[in-house]
Amino acid sequence: MRKHIVAGNWKMNKTFNEADELVSDIIEKLESIELDRNTQIILCPPFPYLEMVSDYSDDSYFLVGAQNVSDQESGAYTGEVSAAMLESMELDFCIVGHSERRAYYHETNELVAAKVNQLLKHHLKPIVCVGEVLEEREAGKQFEVVEKQVREGLFHLSATDFADIIIAYEPVWAIGTGKTATPEQAQEMHAHIRQLIEKQYGKAVADETSILYGGSCKPSNAKELFANPDVDGGLIGGASLKADDFIGIATAF
Ligand code: PEP
């Protein structure tokens, strides 16, 4: 059975003390609830807080991921963080190809593919974001756009490597806007992505791939989104910054 995953993407938010407070609040809440055994919680804080958050967890409450990685192995790339560095901190995951990185830092599918390769080489699991912008949806091009992102970002991988991939479908028009895809819109895109994976790698791989939904997911809409057969959890932005909301979503299965 594929994993249910609820991952918090803190983006560029919180000071060190605020981040410390958030993670201890999350742990306190996790201690008071019974989480579904198949649900995995992942926290993706900013780079400077990765060690603090990892130390808190010791893998017992949640796993930890970064929000970005370099496509290069090492060397003179000022300001970049390599997959080898993340591996040496014993991190488990890393978000790649978030729409904010695609839009503000011009990340292409080719760059996403190179980052995915670096992560897999260093034994981290990539959480690969795909999704269409509003004009693409309005033009009825959402399936085509997402297919291109999936193909160009991921389909160079072998089936064995693909088994470590988590996909997050995040319609860009729903990110941080308060607009959420309807459960039907989420399900049809997730089913589309799973079909693409099945055609490329076969049913067993497609059935095991966790496909998360992202885009204004909140405690009030998580239940109906997660009730869809192809929605295996969420990548949560704004609502991951409040322990109550984040845990409200994590308990929505
Ligand atoms: C995100 O950016 O990954 C995201 C899903 O953001 P939000 O939940 O704030 O829409």
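The values are calculated or read from the model by the stated rules, or taken from the named source; none is laboratory data. This is a predicted model, so every value here is computed, not measured. Neighbour counts are summed over all protein chains in view; Cβ atoms, including those assigned to glycine, are modelled from backbone coordinates with ideal geometry. Just the protein is used for accessible areas: all its heavy atoms, side chains included, with ligands, DNA and RNA removed. Shrake-Rupley method; radii C 1.70, N 1.55, O 1.52, S 1.80 Å.
Estimated translational diffusion coefficient (Stokes-Einstein, Kirkwood radius over Cα pairs, 4 °C, 1.567 mPa s) of segment 16-89: 94 µm² per second.
Over the chain, what is the relative contact order in percent, taking alpha-carbon pairs closer than 8 angstrom and at least six residues apart? Each step should come with its number before you reach the end.
Numbers: 460 pairs, mean separation 55.8, N = 253.
That works out to 22 percent.
Applying the Karplus relation 6.51 cos²θ - 1.76 cosθ + 1.60 with θ = phi - 60° to segment 66-75 yields 3J(HN,Hα) values of 8, 9, 6, 8, 6, 8, 9, 6, 5, x Hz, where x marks Gly and Pro. Normalised size of segment 95-194, defined as Cα radius of gyration per 2.2 N^0.38 Å with N residues, equals 1.05.
Panel note: the C-alpha atoms of segment 144-220, placed on their principal axes, show extents of 37, 21, 19 Å (largest first). Heavy-atom surface analysis with a 1.4 Å probe gives the chain a carbon and sulfur content of 49 percent of its accessible area.
Largest mean-square fluctuation among Glu87, Glu100, Glu34, in a Gaussian network model of the chain whose springs join Cα atoms under 10 Å apart, belongs to Glu34.
Structure remark: mean-square fluctuation, Gaussian network model of the chain, C-alpha springs under 10 Å; the largest value among Ile41, Ile95, Ile33 belongs to Ile33.
The Rg/Rh ratio of segment 48-101, with both radii computed over alpha carbons and Rh defined as the Kirkwood radius, is 0.99. Peptides 164-174, 220-230, 75-85 ranked from most to least packed give 164-174, 220-230, 75-85, packing being the mean of other C-beta atoms within 10 angstrom over each peptide's residues. Post the alpha-carbon centroid distance, segment 179-199 to segment 26-89, in whole angstrom. Result: 27 Å between the Cα centres.
How much of the calculated P(r) for the chain lies past 34 Å, in percent of all Cα pairs?
Working: 3113 of 31878 pairs.
Taking all Cα-Cα pairs of the chain, the fraction more than 34 Å apart is 10 percent.
Among Gln149, Gln72, Gln118, the largest mean-square fluctuation in a Gaussian network model of the chain, built with springs joining Cα atoms closer than 10 Å, belongs to Gln72.
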